[in-house]
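Chemist: Here's a structure for you.
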Amino acid sequence: MTKIGLEIHCQLTKLESKLFCSCKADYRGFEPNTNICPVCIGLPGSLPRLNKKAIERATVIAMALNCQTPQKIAFFRKNYFYPDLPKNFQITQLNIYGPTSIGQEGKISVEGKEVRIRRIQIEEDPGRLIYEGSSERTQITLVDYNRAGTPLVEIVTEPDFENPKQVRLFLNILSDLLENLGVSDPSLEGAMRADANVSIEGGSKVEIKNINSFYDLEKALQFELTRQQSLAERKIEIIQETRHWDDRRKITISARSKEGEEDYRYFLEGDIPWVVIDPQIVARLKKDMPESISSKRERYIKDFDIPSQVADVLSSDKFYSDLFEQAHNKTNAKEVANLITTDLMGFVDTKEKRKESKLTAKHLSDLANAIIENKITRNSSKTVLQTIVKTGKSISQIISEFDLGHVSDEKELTRVIEEVIKEESNAVEEAKQKPETINYLVGKVMKKTKGKADATLTLNLLKKKIAEQ
Ligand SMILES: [Zn+2]
């Protein structure tokens, strides 16, 4: 049986400073090696100072993943030499003195399947290695320590996944969850990275590292499963090892035999004492936790009768659900949800477009009300939204500029209908025998009013007029 487990590294991108110093947690956009200090590049004599907010954010993640949180946490040194780790050790967490990592034994549901979370730990991100050319053949490797010390939360799952597709679904759910909690922006490059361990029936566990995107992770898993199955068929032993994903050649390559925990010579980090987690702070964090995606989803369906597929889209994307929460009221909720999930989505489908968009919650609310009050047809809403996103103009301004006003005035409509009846006498006669012909006449009215006629009113008036003929 195929078993896949994940180790997901998630940067706490919403924090101001690094885990043990006051350098910026958001290292992006800096010149190489300018977001550093004696602490994060491990100069002798420098001492770490723990970022309290990082503990709080990690606790929130642990609670959201249904983990148990301990009363005391400890930090450990994981010793290994690697050029991206200036101290020659990484400060991380480990459960050798009992459960002292920030969270353990959690679970999360992925389309009805329960995935167990083994452990959540807080640790520091290493620096970044930049190779000239490919990593195997390069003569030159550059090191940038701007990222060193960035607060990370590592989420370790049990090997509960049976195929790459389940892994992808899980990562999408996790990414939405972290964004909804307001602790991380998973869309930032490198903010969420996953390593995987894979084994098939009778084979050893193989770890895959160096995977840059979720898309590549799925490809890497597919490759690795095929490789292992092919070895097994030829009765060749699958050895326990670490393999790197080569995203250029789309294959995994043997990297080194896997270190055991003893190779890292873990010991308690003497420069950081045990941290007691105040239950009152945990209670406050729990109280202030944002509403979960599943609870939002259920509420949208129950309170506003929003279809479940629409509720899925609305609740899982923080940008949309924040807009919905601010824009809706009891009477227009369904219309606001519709506007977001049918018309708006195409105009704000990237982070850049969302940033540039001039749309506010008030625009959405006004537009939904205008549709409900028959001031504008549902057909015109897309044009209106597109204009708002680009210009930020008000609904009334756009309606008059584009001449989108809705024809729901009975007198005006009757005039147009009488015209159509005159011009289409054959169709009118036919409609008396074959009621479905009336749709053709509705179409003619729509054409004359440039799509602005109220459809229901047009149909009713047409039926009445034809009956009078
Ligand atoms: Zn620093």
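The values are calculated or read from the model by the stated rules, or taken from the named source; none is laboratory data. Just so it is clear, the model here is predicted, and its values are computed rather than measured. Heads up, the Cβs are rebuilt from the backbone with ideal geometry, glycines too, and the neighbour counts pull from every protein chain shown. To get the accessible areas, we keep the full protein, side chains included, count just its heavy atoms, and leave off ligands, DNA and RNA. Shrake-Rupley method; radii C 1.70, N 1.55, O 1.52, S 1.80 Å.
Chemist: Just to be sure, is ALA220 at pLDDT 80 or above, farther than 30 Å from GLN71 by Cβ and more than 34 Å from the chain's Cα centre (by Cα)?
Modeler: No, not satisfied.
Chemist: Separate question: Residues to consider are SER230, SER254; find the one that is open to solvent by 20 Å² or more (accessible area, probe 1.4 Å), more than 23 Å from ILE155 (Cβ to Cβ), assigned by TED's automatic domain parsing to the domain that holds PRO48 and in contact (Cβ under 8 Å) with a residue 12 or more places away in the chain.
Modeler: Every option except SER254 fails the conditions.
Chemist: OK, next. Within region 33-57, which residues are more than 11 Å from the ligand (Cβ to nearest atom), assigned to a loop (DSSP other than H, G, I, E, B) and aliphatic (A, V, I, L, M)?
Modeler: Selection gives LEU47, LEU50.
Chemist: If you scan region 150-166, which residues turn out to be polar (S, T, N, Q), modelled with pLDDT of 95 or more and either out of contact with any strand residue (DSSP E or B) (no Cβ under 8 Å at 6 or more places or on another chain) or more than 16 Å from the ligand (Cβ to nearest atom) (or both)? Talk me through it step by step, then tell me what you get.
Modeler: To start, the set of residues in region 150-166 that are polar (S, T, N, Q) comprises 150, 157, 163, 166.
Those left that are additionally modelled with pLDDT of 95 or more: 150, 157.
Of everything in region 150-166, just one residue is polar (S, T, N, Q), modelled with pLDDT of 95 or more and either out of contact with any strand residue (DSSP E or B) (no Cβ under 8 Å at 6 or more places or on another chain) or more than 16 Å from the ligand (Cβ to nearest atom) (or both), namely THR157.
Chemist: If you check ALA25 against the conditions, is it open to solvent by less than 10 Å² (accessible area, probe 1.4 Å) and within 16 Å of the ligand (Cβ to nearest atom)?
Modeler: Working: open to solvent by less than 10 Å² (accessible area, probe 1.4 Å): yes; within 16 Å of the ligand (Cβ to nearest atom): yes.
Here the answer is yes, as ALA25 does meet what is asked.
Chemist: Still on this structure, I have one more. Among the residues of region 289-315, write down those that are over 13 Å from ALA337 (Cβ atoms) and either open to solvent by 70 Å² or more (accessible area, probe 1.4 Å) or part of a helix (DSSP H, G or I) (or both).
Modeler: ILE293, SER294, SER295, GLU298, LYS302
Chemist: Checking the conditions here, which among THR138, THR150 is open to solvent by 20 Å² or more (accessible area, probe 1.4 Å) and closer than 30 Å to LEU43 by Cβ? So that I can check it myself, show each step before the final result.
Modeler: Working: THR150 fails: open to solvent by 20 Å² or more (accessible area, probe 1.4 Å).
That would be THR138, the only listed residue that is open to solvent by 20 Å² or more (accessible area, probe 1.4 Å) and closer than 30 Å to LEU43 by Cβ.
Chemist: Kindly check whether there is at least one residue in region 96-111 that is part of a loop (DSSP other than H, G, I, E, B), touching a Leu at 6+ places or on another chain (Cβ under 8 Å) and within 16 Å of the ligand (Cβ to nearest atom).
Modeler: No, region 96-111 contains no residue that is part of a loop (DSSP other than H, G, I, E, B), touching a Leu at 6+ places or on another chain (Cβ under 8 Å) and within 16 Å of the ligand (Cβ to nearest atom).
Chemist: Tell me, which helices (runs of 4 or more DSSP H) wholly within region 405-469 include 3 or more residues that are farther than 25 Å from ILE376 by Cα and open to solvent by 50 Å² or more (accessible area, probe 1.4 Å)?
Modeler: Working: elements: 410-423, 425-433, 438-448, 455-468.
Once the helices (runs of 4 or more DSSP H) in region 405-469 are filtered for at least 3 residues that are farther than 25 Å from ILE376 by Cα and open to solvent by 50 Å² or more (accessible area, probe 1.4 Å), what remains is 425-433.
Chemist: For LYS355, only one of the following conditions fails: (1) touching a helix residue (DSSP H, G or I) at 6+ places or on another chain (Cβ under 9 Å); (2) open to solvent by 90 Å² or more (accessible area, probe 1.4 Å). What is its number?
Modeler: (1) is the only condition that LYS355 fails.
Chemist: Can you tell me which of (1) among the basic types (Lys, Arg); (2) within 16 Å of the ligand (Cβ to nearest atom); (3) out of contact with any strand residue (DSSP E or B) (no Cβ under 8 Å at 6 or more places or on another chain) is the one ARG147 doesn't meet?
Modeler: With (1) among the basic types (Lys, Arg); (2) within 16 Å of the ligand (Cβ to nearest atom); (3) out of contact with any strand residue (DSSP E or B) (no Cβ under 8 Å at 6 or more places or on another chain) applied to ARG147, the lone miss is (3).
Chemist: Taking the conditions exactly as written (surrounded by fewer than 23 Cβ atoms within 10 Å (Cβ to Cβ), in the same structural domain as TYR80 (by TED's automatic domain parsing) and in contact with a Pro (Cβ under 7 Å, 6 or more places away or on another chain)), does LEU15 satisfy them or not? Even if it seems obvious, please write down each step before you answer.
Modeler: Details: surrounded by fewer than 23 Cβ atoms within 10 Å (Cβ to Cβ): yes; in the same structural domain as TYR80 (by TED's automatic domain parsing): yes; in contact with a Pro (Cβ under 7 Å, 6 or more places away or on another chain): yes.
Judged against the criteria, LEU15 is a match.
Chemist: Count, please, the residues in region 79-109 that happen to be buried (at least 18 other Cβ atoms within 10 Å of the Cβ) and either touching a His at 6+ places or on another chain (Cβ under 9 Å) or of a type in the set (A, V, I, L, M, F, W, C) (or both).
Modeler: Residues meeting the conditions: 6.
Chemist: Separate question: Just give me the residues in region 4-22 being more than 15 Å from the ligand (Cβ to nearest atom), in a loop (DSSP other than H, G, I, E, B) and touching a strand residue (DSSP E or B) at 6+ places or on another chain (Cβ under 7 Å), in sequence order.
Modeler: LEU12
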